[in-house]
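This report concerns only the one structure given below.
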Amino acid sequence: MKKLYAFTLVELLVVIAVMTALIAILIPAMGTARQIAYKITCLNNLKQLGIAVQVYTQQYKVYPVCVPNDSNVTWAKFIANPDIAKDAMLGVPVSLWPFHKEKKLYDCPILTRKGAEISYCYNWLAGRELAAGEPAFASITPSYIPPVPPEEKKTDFYFLTPDRVKSPKTFVILYDLPLIPEPLTSTGNPNLYQNIDPDDYDSSESDPNKEGNLWHYKVLKAVGPHTGGYDILFADGHVKLHKEWSDSEMTRKPD
């Protein structure tokens, strides 16, 4: 008669323990790999948008700007019918659209799952619902517009020309939106944020928001979507992940 062999209880427990240990090792590794893939996707998106910015500035001789909310130009409505933006002041995503026409370039995998319709912009409100059922706009009103002499004033908006940007490698153009746990509202504290729009800042040394909302919003437990960091596009076209503000590596002031 053939002798039958079987696992003993101890052997089964050892196999289960080894499999459990392997799973415990592999799951974090898979999570890390997924985060790296998301970061690479965003880096590529911003690089492509950086090319669109370069083409835009070559054609129009100015950088695209943030403009007032228009209930007729929400992001969803624009994607469905780009013609609604004709002969209107355009927000950054809308302005760059003709140079790539690829909606996915505005989608960070992490931010999209959190409900952001536009993942990259000059400021944190663009692309997000302001309240339940309130649509995401493709443009946002600048909170600070530099004074213009009456005789030179042709518009309520300030346009920045590329020649004014003294350090393209440090001048911030676009960046990831922060992950904010609390729902955004249209009636928040305006002092919590200074727009990233080129000259839209308060130059006062006492201004607590001089670093921009990316890091200032830590008081609201907001973090960057990529392991706490933000992919940032600079005027020279390069994109880099930053976890802290650095005066030597980034600025919102062109001069």
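The values are calculated or read from the model by the stated rules, or taken from the named source; none is laboratory data. Since this is a predicted model, take the numbers as computed values, not measurements. Here the Cβ positions follow ideal geometry from the backbone for every residue, glycine too, while neighbour counts run over all protein chains shown. For accessibility, only protein heavy atoms count, side chains too; no ligands or nucleic acids. Shrake-Rupley method; radii C 1.70, N 1.55, O 1.52, S 1.80 Å.
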| Exclusive hit being at pLDDT below 85, within 30 Å of GLY228 (Cβ to Cβ) and surrounded by fewer than 23 Cβ atoms within 10 Å (Cβ to Cβ), set SER143, SER71 | SER143
| What is the one condition in (1) outside any helix (DSSP H, G or I); (2) modelled with pLDDT under 80 that PRO64 does not satisfy? | (2)
| Taking the stretch 51-94 on its own, how many of its residues are among the polar types (S, T, N, Q) and touching a strand residue (DSSP E or B) at 6+ places or on another chain (Cβ under 6 Å)? | 2
| task | For PHE78, indicate whether it is open to solvent by 50 Å² or more (accessible area, probe 1.4 Å) and at pLDDT 85 or above. | result | no
| query | Filtering the stretch 81-122 down to residues that are assigned to a loop (DSSP other than H, G, I, E, B) and of a type in the set (D, E, K, R), which residue is least open to solvent (accessible area, probe 1.4 Å)? | reply | ASP107
| field | the stretch 84-110 - residue that is modelled with pLDDT of 80 or more, farther than 20 Å from PHE234 by Cβ and hydrophobic (A, V, I, L, M, F, W, C) and, of those, farthest from the chain's Cα centre (by Cα) | value | ILE84
| Would the stretch 122-140 turn up any residue that is modelled with pLDDT of 70 or more and at positive phi? | no
